[in-house]
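Take a look at the structure set out below.
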Amino acid sequence: MDITVTEESPFRFRIDQQGRMSVPGVVFASRELLPQAVGDRALEQVVNVAMLPGIVRASFAMPDVHWGYGFPIGGVAATDIDAGGVVSPGGVGFDISCGVRLLAADIERAELAPLLRRLMDVLGDIIPRGAGRGGLWRLSGRAEMEKLLTRGAGYAVERGHGTPRDLARCEDRGILAGADPSQVGQRAVDRGLLQVGSLGSGNHFLEIQAVDRVYDPRAAAAFGLRAAQVCVMIHCGSRGLGHQVCADHVRIMDRSPYARAFDLPDRQLACAPVASPPGRAYLGAMAAAANYGRANRQLLTEAVRRTFTSAVGVGLDLVYDVSHNMAKIETHEVGGTPRRLCVHRKGATLALPADRPCLSEDLAETGHPVLVPGTMGTASYVMVGTPENDAFASACHGAGRVWSRHQALRQVRGQQLRDELESRGIAVRPSSWRGLAEEAPAAYKNVDAVVAAAEGAGLARVVARLVPLGVVKG
DNA sequence: ATGTCC
């Protein structure tokens, strides 16, 4: 498929509405970052998403967009619930509530340096990771799982793993409303029982980082960040439970009457009206899986805190926890009137600006942190939401792949990559050589360019740049 | 992303 993109303004490209598209496509990128320029077919998916029943404004793509299941990763699509708008599991992705959490330590990188190796050894020993395998917790059964699926990070805190202050710095206070554990199948529950408190694999990681540069001192101070400070970034999701929820509900929707009625260009866009039984069932199960992801990050936080206390002698404050694979019911103005929308963000981070409702109190004047993880050996960014964002308060979520995992394996040796990173002073604790090779920095876009494009497009503003000191790889 | 195929 040949797709024409027109540069509307710097860092903003339009795909004109045509054929069965209900809205145009909008791609935030530089010319160099456009999917076509990096050999990726994601824009075909941007066009397909523009055909979703009830979609409003545009089918959006962030600067890190790349090919995904049905919907592109780095895509944002909002549907009008009261106009028959749909929800689609493919618009959230298989790793429901995959997201990032940033913790700040009260120590500078120079002070940590002599302790880093020992710290990394302990973290490498205690952080569960890799495909399958166990987690920090072992749930007693379905009854306990349902508490966790309903109360999310709040359940971990109730059980003594964290503080109420942690919850104040989580999106939705760590507990997504509307969870319906009865819509989470037994197989999903069984897969999740032994994985609470684990990183998983793929691009998931736990990194020790240092603040390299502060761009916005006021916002950085509000977030609790300062130059040279040591931080911990945790990137993980809802493991096998979220994966199974997605698979189960894709199947339900694919077999529902809506699949035929909508006649969509790709079966992977399987969807149903938000207000329909399959739509409500998915959203209830998705919220439950989201709470699993949040509890997962909360438990990993406590494990890292214990390690920092014993190995370094300092505590860790939660800066923020935000998901980048979610569908949320939100109210936004469309065409001058407030509409209830189902906003799908798949590989796109919620980027709330100042003075918006549902901000946590201490962030109301600043806006919420937007956490953008880079790849191994490259920078990560903290940004903040901006009022001019017209992609329903969404921003990029990372660097974005340019090589498939298969391509990366052909190009990169895991051991060699480890040696290169170690020679640059970055301590690496991998779970498999293969997994490490698949996640090589060369397999990704340049995160600095992605963030510059996001800022240039007005999606979010840069607050601080972080650099890696050590990475525990999933 | 994922007990990388039910």
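Worth pointing out:
- Residue pairs whose Cβ atoms lie under 7 Å apart, sitting 6 or more positions apart in sequence or on different chains, and linking a residue in segment A:226-250 that is more than 14 Å from A:G284 (Cα to Cα) and in a loop (DSSP other than H, G, I, E, B) to a partner that is within 11 Å of DNA strand B (Cβ to nearest atom) and among the charged types (D, E, K, R), are A:G237/A:D95; A:S238/A:D95.
- Elements of type helices (runs of 4 or more DSSP H) in segment A:69-159, at least 3 residues being within 29 Å of A:G224 (Cα to Cα), more than 16 Å from DNA strand B (Cβ to nearest atom) and not charged (D, E, K, R): A:116-126, A:142-158
The rows are residues; the columns are (1) modelled with pLDDT of 95 or more; (2) within 13 Å of DNA strand B (Cβ to nearest atom); (3) surrounded by 21 or more Cβ atoms within 10 Å (Cβ to Cβ); (4) more than 16 Å from the chain's Cα centre (by Cα).
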| position | (1), (2), (3), (4) |
| --- | --- |
| A:P369 | yes, no, yes, no |
| A:Y381 | yes, no, yes, no |
| A:R413 | yes, no, no, yes |
| A:S423 | yes, no, no, yes |
| A:R434 | yes, yes, no, yes |
| A:A440 | yes, yes, yes, yes |
| A:G456 | yes, no, no, yes |
| A:V467 | yes, no, no, yes |
| A:K473 | yes, yes, yes, yes |
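- The residues of segment A:176-188 that are within 14 Å of DNA strand B (Cβ to nearest atom), of a type outside the set (K, R) and either assigned to a strand (DSSP E or B) or surrounded by fewer than 22 Cβ atoms within 10 Å (Cβ to Cβ) (or both), listed by number, are A:G185, A:Q186.
- Lone qualifier among A:R213, A:R173, A:R191 - being of a type in the set (D, E, K, R), surrounded by fewer than 21 Cβ atoms within 10 Å (Cβ to Cβ) and within 16 Å of DNA strand B (Cβ to nearest atom): A:R191
- Of A:A179, A:A168, A:A104, A:A143, all but one fail to be touching an Asp or Glu at 6+ places or on another chain (Cβ under 6 Å) and among the hydrophobic types (A, V, I, L, M, F, W, C); the exception is A:A104.
- Options A:R101, A:R118; residue that is surrounded by fewer than 24 Cβ atoms within 10 Å (Cβ to Cβ) and either within 20 Å of A:L318 (Cα to Cα) or in contact (Cβ under 8 Å) with a residue 12 or more places away in the chain (or both): A:R118
- Some residue of segment A:35-56 being out of contact with any His (no Cβ under 6 Å at 6 or more places or on another chain), modelled with pLDDT of 95 or more, outside any loop (DSSP other than H, G, I, E, B) and under 20 Å from A:E388 (Cβ atoms): yes
The values are calculated or read from the model by the stated rules, or taken from the named source; none is laboratory data. Worth saying up front: this structure is predicted, and the values here are computed from it rather than measured. Ideal geometry is used to build each Cβ from the backbone, glycine not excepted, and the neighbour counts take in all protein chains shown.
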